[in-house]
1. Tell me, in nm to one decimal, what length is gained between residue B:278 and residue B:239 on full extension, where the rule is 0.36 nm per residue of separation less the Cα-Cα distance?
2. So which residue, out of B:246, B:44, B:20, gets the largest mean-square fluctuation from a GNM of chain B using Cα contacts under 10 Å as springs?
3. For the protein assembly as shown, what does -39500 (n - 2.57) per DSSP helix run (n ≥ 4), summed and divided by total residues, give at 222 nm, in deg cm²/dmol to the nearest 500?
4. Along the Cα-to-C-beta direction of residue A:178, a point sits 7 Å from the Cα; which residues of the stretch A:114-151 have their amide N less than 13 Å from that point?
5. Counting pairs of alpha carbon atoms under 8 Å apart in space and at least six apart in sequence, what relative contact order in percent does the stretch A:183-319 give?
6. What distance in nm lies between label points placed 7 Å from Cα along the C-beta direction at residue A:220 and residue A:319?
7. Counting alpha carbon pairs within less than 8 Å and at least 6 residues apart, what relative contact order, in whole percent, applies to chain A?
8. For labels at residue B:26 and residue B:149 in the simple 7 Å Cα→Cβ model, what's the distance in nm?
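Please treat every number below as a calculation from the coordinates, not as lab data. Just so we're clear, the structure is a prediction, and the values are computed from it rather than from any experiment. With ideal geometry, Cβ positions are generated from the backbone for all residues, glycine too; neighbour counts draw on all protein chains shown.
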């Protein structure tokens, strides 16, 4: 059975994983999930990216929105607002609250996040092994210009409240330096047949995962070919605001620049969209095998084809 | 302005308070609320009696049920059950959850329960000053025969899950001995013009409040007349299962026995229902002034009349 390890963020990663499962239903898939955008809200531990993967693969996701639960209601949030308790800009629904309540209660009882995630997945049956990148607390903060001052805000505040519309100067995964990979992460990377970077945000999603000491090294040292898919198509992000955070770390918003940002020490292969075919030569010049294929995840079939192309490129690189 | 202090449990106490406010809208009412039935559920601090008073007087109560919120939904609870997380026997609704989330978050931030209750009441405007009996943790446990063994269970488990249908041998307010009255409690009792015991449960509601060292003494020492209303009418509780917990502490379920249980060191006056008129002589023989008046809280008007009778008896006792 093919062992595939995927470093995933939220919506993009989750949708890619659905395509991957469709492409290779018998594969043994381990997902290393980003926890850098985790946040404590209302005294509860919220893990947006882990939950997006879990809900998407488990059939509970709000399809159009891409995050949160299908058929969601917002009674708790409305009541919290009636008490004057916010933040109001973060959309926690009632069904979603239950997940955070269970998680927070288990963490308080002493279980590490990896064990909690496994317990939550016992209900959702995502069909992959979902591991948080770390059991330690890492929170991505963004250095921004806000109200006339330069200050660090939590990634969610930058992303959701400020909609990435204020100038960002640095992205800092606070706590990453002291964090250890969660149990199973390094083992999965070492045993992988293929390692994939889905078209997730290269800075705040895949970048956060790689910021945990040991993970970048394990990816670089893995026997398995490492293949990524560009989240940038035609010079702008397919979804989200990856261009903003790429700018903050001094990387151009092009498919080739993102490949060079990861670098040939990590990447063996890179897929760009057909509209970026001219980037292939530049990426290959950087020592990374590159192909131009359709990269729009319009539906599961299209996404499954992308995943198949990534696996094909991995096979080519290996050979 | 007449200063009235009321020792209140949940539904009965809350409904009585609504009648009292209607009877004397200009009175300065302080409620000392029972926290002995507080419980930690899903990692949240739940204060059923305080909330019942707050929601009832603040216009948010589920009228027919007597507890919980009007227009309540149960998405969080259903989701928790889908995760296999209980208890399922405790009916926490979505709107109610918000109250517990705010409370738990404030407690975690270091605020005492009295300050938290004041903050919650800033929204609900109950028109009374609502004080928890203590800021310390007190939990009423019940010694029961269950599954062939004698064991202590939380009051809520006895009351809600077991519906008081198993033999109870003792009622223990765990933690009461080390508890201190919340700020304002002793001052309110000392400054009161009248102290009232509504027809709340004499053991697990008013009894829990009196179990906090200093409160019983302050009631006994108060200059104000102390008048109670019998929760037992015609030999059985008007609502709830007070007879079960009275039996556990060796008190007969009669209006007169409850008066004697409180005793003339606490009570100056006692109201029994007209159907218990024969008890008046027995109560007065115990040194407690007694009147027989209608004691069914069928609506706010009937309840206001009961409150007025209690205040009239207090005036009589004082004179």
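1. Here the answer is 11.9 nm.
2. Most flexible of the set in this elastic network: B:44.
3. Theoretical 222 nm ellipticity from helices: -11000 deg cm²/dmol.
4. What the label zone holds, given the 13 Å backbone N cut-off, is A:136-139.
5. 23
6. The modelled label-to-label distance comes out at 3.0 nm.
7. Computed value for chain A: 19 percent relative contact order.
8. The answer from the label model is 6.1 nm.
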